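The values are calculated or read from the model by the stated rules, or taken from the named source; none is laboratory data. Owing to the predicted nature of the structure, the values given are computational and were not obtained by experimental measurement. In this analysis, Cβ positions are derived from the backbone assuming ideal geometry, glycine residues included, and neighbour counts consider all displayed protein chains. With ligands, DNA and RNA removed, areas are computed over all heavy atoms of the protein, side chains included. Shrake-Rupley method; radii C 1.70, N 1.55, O 1.52, S 1.80 Å.
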Amino acid sequence: MIPGVPGESQVYLNGEFLRVDEAKVSVLDRGFIFGDGIYEVVPVYQGNAFRMAEHLDRLDRSLAALRIAQPFDRSGWIDLIRQLLDRTRLDTCIVYLQVTRGVAKRDHPFPSPAVSPTVFGMVSAWTPPSAAQRAQGLGAISIPDERWLHCEIKSVSLLGNVLAKQQAVDAHVDEVLQFRDGFLTEGSSTNIWVVSGGKLLAPPKNNLILEGIRYGLMGELAAEAGIPFEARRLAQDEVIRADELMLSSATKEVLPIVALDGRPVGSGKPGPVYELLRAGYDARIAAL
Ligand code: PDD
């Protein structure tokens, strides 16, 4: 028994569909030994994967960054996702995909000759944020970003993110805002958005943040709603004085942050720019 995971859940591991409690990975898997692997989290609404092409594009980029061989072509990934969804029979859920460099004698360099990557997929039950969460908004705290300098790779080496998120839990808030050298980077597992003077602002896409699949989407939604959008470095005092803050991720969608470090953000309530972007996000889901 794995606490919190129904035993009958079907997962995919290296060519087989198995019960989750039967799926086993070698102790010498480089994902286990070194965190040497990548992953994706794809939200699914009523059986339809949202922005799947963009998620698979990012999976390709992450594999290329780690020089791990691509285990499937595009149609192979789509087929795997479809089979996982068919077997799990969950309508609204999360598809998790993970590829590690594979199993080899413990040694830091890449195994030579290369070994087969370990490929894992699972579907998890998921409930999108509730109406109450949307209406109440979230709380966050500011912390220094202590992670490495390749945050653009969606790597399973998530210790920095795990420790950051635990700081939020310990402070009884929902998320952290990380700052590197005094400039906003991102949340522990979310991208962060700032509204100032009617403009939507976000840190630039570079090695200091993960380019969320919702990063591009928020830009599109802002354009549709006539909200000017600018990606630039955001100093901590500008973030503290923001009219609105929000976060985005596959699992949190887009949610307002109404308190930062115990002080209200703007009016202390979800703001008008959030409401417009939220409506746009809902419309995209409804159109799936
Ligand atoms: N996290 N930044 C980080 C560090 C993240 O881990 C995530 C997503 C995002 C947002 O990316 P997207 O819009 O593609 O979900 C930004 C996922 C949900 C996770 O690790 O569970």
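Quick rundown of the values:
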| item | result |
| --- | --- |
| Glu146 being modelled with pLDDT of 95 or more, closer than 23 Å to Val42 by Cβ and outside the structural domain of Arg30 (by the TED database) | no |
| Residues being open to solvent by 20 Å² or more (accessible area, probe 1.4 Å) and under 19 Å from the mean Cα position of the chain (by Cα) - total across segment 143-152 | 6 |
| Some residue of segment 244-254 being at positive phi, within 16 Å of the ligand (Cβ to nearest atom) and open to solvent by less than 10 Å² (accessible area, probe 1.4 Å) | yes |
| All strands (runs of 3 or more DSSP E) inside segment 199-288 with 1 or more residues being among the aromatic types (Phe, Trp, Tyr) | 229-231 |
| Hits in segment 82-100 (condition: touching a residue at least 40 places away in the same chain (Cβ under 8 Å) and open to solvent by 20 Å² or more (accessible area, probe 1.4 Å)) | Gln83, Arg87, Thr88, Leu90, Asp91, Thr92, Tyr96, Gln98 |
| Count - residues of segment 6-37 that are modelled with pLDDT under 90 and open to solvent by 50 Å² or more (accessible area, probe 1.4 Å) | 2 |
| Residue in segment 90-97 that is modelled with pLDDT under 95, more than 30 Å from Asp181 (Cβ to Cβ) and away from the ligand (no atom under 16 Å from the Cβ) present | yes |
| Test: Gly187 is within 15 Å of the ligand (Cβ to nearest atom), of a type outside the set (Ser, Thr, Tyr), open to solvent by less than 10 Å² (accessible area, probe 1.4 Å) and outside the structural domain of Leu234 (by the TED database) | no |
| Segment 38-49, residues that are farther than 15 Å from Phe120 by Cα, surrounded by fewer than 20 Cβ atoms within 10 Å (Cβ to Cβ) and touching a residue at least 60 places away in the same chain (Cβ under 8 Å) | Tyr45, Gln46, Asn48 |
| Any hit, segment 193-201, residues being open to solvent by 10 Å² or more (accessible area, probe 1.4 Å), away from the ligand (no atom under 11 Å from the Cβ), over 29 Å from Ala49 (Cβ atoms) and touching an Asp or Glu at 6+ places or on another chain (Cβ under 7 Å) | yes |
| Residues satisfying the stated conditions in segment 16-64, i.e. small (Gly, Ala, Ser) and touching a His at 6+ places or on another chain (Cβ under 8 Å) | Ala49 |
| Complete set of residues in segment 215-236 that are under 22 Å from Ala164 (Cβ atoms), in contact (Cβ under 8 Å) with a residue 60 or more places away in the chain and open to solvent by less than 10 Å² (accessible area, probe 1.4 Å) | none |
